[in-house]
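The values are calculated or read from the model by the stated rules, or taken from the named source; none is laboratory data. Worth saying up front: this structure is predicted, and the values here are computed from it rather than measured. FYI the Cβ positions are ideal-geometry reconstructions off the backbone, even for glycines, and counts take in every protein chain you see. These area figures cover heavy atoms from the full protein model, side chains too; ligands, DNA and RNA do not enter into them. Shrake-Rupley method; radii C 1.70, N 1.55, O 1.52, S 1.80 Å.
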Amino acid sequence: MPDILSLGECMVEFFAEEPLAEAQKLQKAFAGDALNLLAAASRLGSSCGFLSRVGNDPFQPFLLNGWQSLGIDTSHVKRVAGRNGIYFISIYGQGEREFTYYRVGSAPSTMTPEDLDPDYIAQARVLHISGIAQAISESARATALAAARIANEKHVCVAYDPNLRSALWSVAEARAAAEELLPFVDIALPSGPEESERLFGCASAEETAKYLHGFGAYAVAVKLGEAGVYLSTQDGTRTVPAFAVPHVVDTTGAGDAFDGAFLHGLVENMPPLAAARLGVVMAGLKVRGRGAIASLPRKEEVEAALTAWN
Ligand code: ADP
């Protein structure tokens, strides 16, 4: 039975080296914050399970087999009639990335609280929820809240990454959704400074951490891109610098890689500071390559980099 559960949507990705108007070849993959996080935690050895839906279109076997080959338990991914979400990444200008989504009405966005199995949640150590899962539909938002309530009742730790996406909803809606969930959250994983400023009106990482502790979170890790992570727990506050790499190729999914490794560390009973260091090394190694999942480092690479860094 998995230790780390994550609730959300994974989409089919098509990547083109050119603008979509010209592209002849597209490379197929899959990604989505909830799944990226599990891929990172599983890579380090955690047992992970995905809470989602998958549609019965021709991509279904690709998605399920792909998730399983990452070591992720799919027993609680509900197979339903419908389409899976798709998005395209294309390149234009000086290597700028453009994201084009075909997501509305996707199978995962039809998830409902009745999908949840309280016994499966109760046996986990951590349940992770993101703001994107709340944003994709009203029923997904209700499912996220119901999952957090179950976890809370069963004394399962709840982790939350607000992951603000303005294309999905307004800041006011995102704030309301965050505030309805935060009373159940033990570990908050926001990004700063821009996201926290827009979402919570907090201008600094210190202010963000205080705000989130105010709802009851015992650990707050504010992700600050190249500036690393600001960690705040009952032991005090620390800024963990980013793990610098010579060539940054793609920062997509860096936050998810941090979240997955950080939660893995906590599940392994590491002190939060050690878990945060593991997280920044995982994220730093990830940004060397393209793709949220394809560029995740091997466990041995992470361990070697961490040892050299200490
Ligand atoms: P998000 O993707 O959630 O916005 P960030 O951009 O803050 O998150 O990235 C998450 C983590 O990834 C950072 O805290 C940092 O440790 C690492 N990271 C991000 N950008 C870089 C970079 N250019 N070089 C090294 N590490 C990075």
>> What's the total number of residues in the range 161-183 that are in contact with a helix residue (DSSP H, G or I) (Cβ under 7 Å, 6 or more places away or on another chain), open to solvent by 20 Å² or more (accessible area, probe 1.4 Å) and assigned to a helix (DSSP H, G or I)?
In response: 3
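Could you tell me whether Gly55 is open to solvent by less than 30 Å² (accessible area, probe 1.4 Å), farther than 21 Å from Val126 by Cβ and in contact (Cβ under 8 Å) with a residue 12 or more places away in the chain? Full working, then the answer.
Working: open to solvent by less than 30 Å² (accessible area, probe 1.4 Å): yes; farther than 21 Å from Val126 by Cβ: yes; in contact (Cβ under 8 Å) with a residue 12 or more places away in the chain: yes.
Judged against the criteria, Gly55 is a match.
Taking the stated definitions as given, is His155 out of contact with any Pro (no Cβ under 8 Å at 6 or more places or on another chain) and either away from the ligand (no atom under 16 Å from the Cβ) or farther than 22 Å from Cys10 by Cα (or both)?
Numbers: out of contact with any Pro (no Cβ under 8 Å at 6 or more places or on another chain): yes; either away from the ligand (no atom under 16 Å from the Cβ) or farther than 22 Å from Cys10 by Cα (or both): yes.
Answer is yes for this residue.
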>> Exactly one of these conditions fails for Ser295: (1) open to solvent by less than 60 Å² (accessible area, probe 1.4 Å); (2) farther than 24 Å from Cys10 by Cα; (3) hydroxyl-bearing (Ser, Thr, Tyr). Give me its number.
In response: (2)
> Any idea how many residues of the range 93-133 are modelled with pLDDT of 95 or more and of a type in the set (Asp, Glu)?
Replying inline: 4
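Just name the residue that is nearest to Asp259 (Cα to Cα) out of those in the range 184-193 that are open to solvent by 30 Å² or more (accessible area, probe 1.4 Å) and within 16 Å of the ligand (Cβ to nearest atom). Don't jump to the end; show me each part of the working.
First, pick out the residues of the range 184-193 that are open to solvent by 30 Å² or more (accessible area, probe 1.4 Å): 184, 186, 191, 193.
With within 16 Å of the ligand (Cβ to nearest atom) added as a condition, the list becomes 191, 193.
Working: Ser191: 11, Pro193: 17 Å.
So, considering only residues that are open to solvent by 30 Å² or more (accessible area, probe 1.4 Å) and within 16 Å of the ligand (Cβ to nearest atom), the one nearest to Asp259 (Cα to Cα) is Ser191.
When you scan the range 228-238, how many residues do you find that are within 10 Å of the ligand (Cβ to nearest atom) and either aromatic (Phe, Trp, Tyr) or open to solvent by 60 Å² or more (accessible area, probe 1.4 Å) (or both)?
Step one: list which residues in the range 228-238 are within 10 Å of the ligand (Cβ to nearest atom), which gives 228-230.
Okay, now just the ones that are also either aromatic (Phe, Trp, Tyr) or open to solvent by 60 Å² or more (accessible area, probe 1.4 Å) (or both), so 230.
Residues flagged as within 10 Å of the ligand (Cβ to nearest atom) and either aromatic (Phe, Trp, Tyr) or open to solvent by 60 Å² or more (accessible area, probe 1.4 Å) (or both) within the range 228-238 amount to 1.
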>> Let me spell it out: the conditions are (1) assigned to a helix (DSSP H, G or I); (2) modelled with pLDDT of 95 or more, and Leu296 meets all of them except one. Which number is the exception?
In response: (1)
> Condition test on Ile132, is it in contact (Cβ under 8 Å) with a residue 60 or more places away in the chain, open to solvent by 20 Å² or more (accessible area, probe 1.4 Å) and β-branched (Val, Ile, Thr)?
Replying inline: no
> Which ones in the range 134-170 are over 18 Å from Val267 (Cα atoms), at pLDDT 95 or above and of a type in the set (S, T, N, Q)?
Replying inline: Gln134, Ser137, Ser139, Thr143, Asn163, Ser170
>> Out of the residues in the range 194-227 meeting the condition of being crowded, with 18+ Cβ neighbours inside 10 Å and of a type outside the set (A, V, I, L, M, F, W, C), tell me which one is farthest from the ligand (Cβ to nearest atom).
In response: Tyr211
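Suppose we filter the range 245-273 for residues that are open to solvent by 40 Å² or more (accessible area, probe 1.4 Å) and either more than 8 Å from the ligand (Cβ to nearest atom) or in a helix (DSSP H, G or I) (or both); how many remain?
Looking only at that region, the number is 8.
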>> What are the pairs with Cβ atoms under 8 angstrom where one residue, in the range 240-252, is over 15 Å from Phe15 (Cβ atoms) and the other, located anywhere, is open to solvent by 80 Å² or more (accessible area, probe 1.4 Å) and within 6 Å of the ligand (Cβ to nearest atom)? Sequence gap at least six, or different chains.
In response: Ala242/Glu226
> Within the range 15-32, is there a residue that is under 18 Å from Val267 (Cα atoms) and surrounded by fewer than 23 Cβ atoms within 10 Å (Cβ to Cβ)?
Replying inline: no
>> I need the full set of residues from the range 267-303 which are under 14 Å from Ala41 (Cβ atoms) and touching a strand residue (DSSP E or B) at 6+ places or on another chain (Cβ under 7 Å), in order please.
In response: Val267, Gly279, Ala292, Ile293
